[in-house]
Each structure stands twice: as C-alpha cells, then as structure tokens.
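Peer 1: Right, I'll just put the structure down here and ask away after.
Read-outs: derived from the displayed coordinates by stated rules, not from any lab. These figures come from a predicted structure and were not determined experimentally. Using ideal geometry, Cβ is built from the backbone for each residue, glycine included, and neighbour counts are taken over all protein chains shown.
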Amino acid sequence: MDTLIEELNLLWEPIQPFLSKEIEELYSRHDGHILEIGPFSGLIFVLAQKNIGEEFSIAAFHKGALSLFQREARKFGLEDQVRIIESNSSLIGIADNSVDLAIFRGAYFFPKLFQADLLSVYRTLRTGGIAFIGGGFGKHTPPEIISKIANRSMQLNAALGRVRVTVESVREQVRSSHLERKCEIATEGGLWVVMKK
C-alpha cells in the first residue's frame, strides 16, 4: 500500500505547479500557516518554494507517506521549513484555530484508507481561514500534462481502492457535518469543497 501511495505522489509531481496556481488564486495571500492533509500531499513544497505562506505543516497518514514527505522535504531543502506530523483524519497533533489554508487532496475517494473528517478540518482553521478539500487535476493543468499520467494514475487509484464520488454524495457529507453555510462545491477541474471559516 505504501509503495502505491509513494508512486502515485511522485507521478503527480508534474501536476503540482498547476494545482498550486489554483490554490494561490483561491488563497490570495502570502502569509499564514499552510497545512496539507493526508497521504496525497506534496503541493506544500511548491507553495513553500513560491513563498506562499510563512509556516508549513503536513498532517501525514500512513508510515510510508511520512517517510516519503521527509525525503521530499530534504530533496527540496525544506526540512527546516516544513513540519511533518504523524496524524490521522481527525488531525491529531494539529491545534484548533491554527491554520490559515488547509489542503486535503484525495479526501473523499479512498474510504478504505481513511474517512475525511470535515469537522476536524474546520476545527483547525483560524477565523478567515480557507480549506481546499477534494480531488482532481485542477482547472489550470494542461490536457497534455494530464494525458502523460492519466493511465498510470487510474491504475494506481484502482489499486488503492478509489471509489467514484458524486456531487450529491459530497454535498450530503457537508450537510451531515452541519457545514453547509461554510462550504461551496466546485466542479471545475475535479470535485472540491471550498470551506471558509
């Protein structure tokens, strides 16, 4: 399982600059604490290199992901900037009201690996904070970049138990967390919940 997660994360590296552009537009700040959540992380290294944010953390699930992110931080020379925390979907180790931007890719699509906990993400956000939760290639990624990784990405996703998710099922998850007034669903370039506190 860990080797599949690692391969998928490395496969998606060419997508990260394009997804990070979308997040930059959404966040529209260069300060604050940025948190990336889960085993499908890595965007945070791009944001740190672009000086989007001042403080950086990864709430990593799965031992393999933890060691991968430690290696990636060293590769980019960011081991002193990006704090990597062994956590879970309840975000243990992440303080209440401590995060300005949270990013959680793959949130709804891998129920065999974890269940996304929207209330825990909301708990960690500061007033005025924003979260980008979901999955997809993003609206800025060129088709030729997607086509290079699409087949292998589909194979790895299937091996990790990826499920098909509908807008309505995500909306129901938002409703059951009583966060309807705090969330909008975006479908351009994937399926994302944009949460604001």
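Peer 1: Show the residues, 5+ positions off or on another chain, whose built amide H is closer than 5 Å to the amide H of Gly129.
Peer 2: For Gly129, the qualifying residues are Lys197.
Peer 1: Under unit Cβ charges (Lys, Arg +1; Asp, Glu -1), what dipole magnitude, rounded to 20 debye, does the stretch 57-197 have relative to its Cα centre?
Peer 2: Its charge dipole is roughly 180 debye.
Peer 1: Given the options Phe114, Pro142, Ser20, identify the residue whose Cα lies farthest towards the positive end of the charge dipole of the chain (+1 on Cβ of Lys, Arg; -1 on Cβ of Asp, Glu).
Peer 2: Phe114
Peer 1: Same structure, new question: Using the charge dipole of the chain (Lys, Arg: +1 at Cβ; Asp, Glu: -1 at Cβ; taken about the Cα centre), state which of Ala73, Ile34, Met195 has its Cα farthest towards the positive end.
Peer 2: Met195
Peer 1: Among rounded, prolate and oblate, which fits the stretch 56-115 when a ≥ b ≥ c are the square roots of the eigenvalues of its C-alpha gyration tensor, a/c under 1.5 means rounded, and a/b larger than b/c means prolate?
Peer 2: On the way: a/c = 1.96, a/b = 1.26, b/c = 1.55.
Taking the square roots of the gyration eigenvalues as a ≥ b ≥ c, the stretch 56-115 is oblate.
Peer 1: Which residue fluctuates most in the GNM of the chain (Cα springs below 10 Å): Ala159, Ala186, Ala107?
Peer 2: Of Ala159, Ala186, Ala107, the most mobile in the Gaussian network model is Ala159.
Peer 1: Sort Lys148, Lys21, Lys112 so that the residue with the fewest other Cβ atoms within 10 Å of its own Cβ comes first and the one with the most comes last.
Peer 2: With the fewest neighbours first, Lys148, Lys21, Lys112 line up as Lys112, Lys148, Lys21.
Peer 1: Could you list Asp80, Asp96 so that the one with the fewest beta carbons within 10 Å of its beta carbon is first and the one with the most is last?
Peer 2: On the way: Asp80 7, Asp96 12.
Going from least to most buried by this count: Asp80, Asp96.
Peer 1: Under a 5 Å amide H to amide H cut-off, with H placed in plane at 1.01 Å, what residues pair with Arg83 once short-range neighbours are removed?
Peer 2: Under 5 Å from the amide H of Arg83: Phe56, Ser57, Ile58.
Peer 1: Please give me the summed charge of the neighbours of Lys139: other residues whose Cβ is under 15 Å from its Cβ, Lys and Arg +1, Asp and Glu -1.
Peer 2: That sum, taken over residues with Cβ under 15 Å, equals -3.
Peer 1: Work through the residues other than Arg29 whose Cβ is under 10 Å from its Cβ and net out their charges, Lys, Arg +1 and Asp, Glu -1.
Peer 2: Once positives and negatives cancel, what remains is -4.
Peer 1: Still on this structure, please answer the following. Please label the shape of the chain as rounded, prolate or oblate, based on the square roots a ≥ b ≥ c of the eigenvalues of the alpha-carbon gyration tensor (a/c under 1.5 means rounded; beyond that, a/b larger than b/c means prolate, else oblate).
Peer 2: rounded
Peer 1: Shape call for the stretch 104-197 from the C-alpha gyration tensor, a ≥ b ≥ c root eigenvalues: rounded (a/c under 1.5), prolate (a/b greater than b/c) or oblate?
Peer 2: Prolate, since a/c reaches 1.5 and a/b exceeds b/c.
Peer 1: Continuing with this model, one more query. Tell me the net charge near Leu160. Cut-off is 11 Å between Cβ atoms, Leu160 excluded, with +1 for each Lys or Arg and -1 for each Asp or Glu.
Peer 2: Spelling it out: positives minus negatives among the neighbours equals 0.
Peer 1: Another question, then. With θ set to phi - 60° and the Karplus curve 6.51 cos²θ - 1.76 cosθ + 1.60, what are the ³J(HN,Hα) couplings of the stretch 66-81 in order, to the nearest whole Hz, using x for Gly and Pro?
Peer 2: Along the stretch 66-81, the couplings run 4, 5, 4, 5, 5, 5, 5, 4, 5, 4, 8, x, 10, 4, 8, 9 Hz.
Peer 1: Follow-up. To the nearest 500 deg cm²/dmol, what mean residue ellipticity at 222 nm is calculated for the chain from DSSP H runs of n ≥ 4 alone, each contributing -39,500 (n - 2.57), summed and divided by the residues?
Peer 2: Calculated mean residue ellipticity at 222 nm is -11500 deg cm²/dmol.
Peer 1: Using Cβ counts within 10 Å as a stand-in for footprinting exposure, how do Trp192, Trp12 rank, fewest first? Write down the numbers at each step before the final one.
Peer 2: Values: Trp192 27, Trp12 19.
The order, fewest Cβ neighbours first, is Trp12, Trp192.
Peer 1: For the stretch 93-109, take each phi angle, set θ = phi - 60°, evaluate the Karplus expression 6.51 cos²θ - 1.76 cosθ + 1.60, and give the result in whole Hz per residue in order, putting x for glycine and proline.
Peer 2: With coefficients 6.51, -1.76 and 1.60, one gets x, 10, 6, 4, 6, 10, 10, 9, 9, 10, 10, 9, 8, x, 4, 9, 9 Hz.
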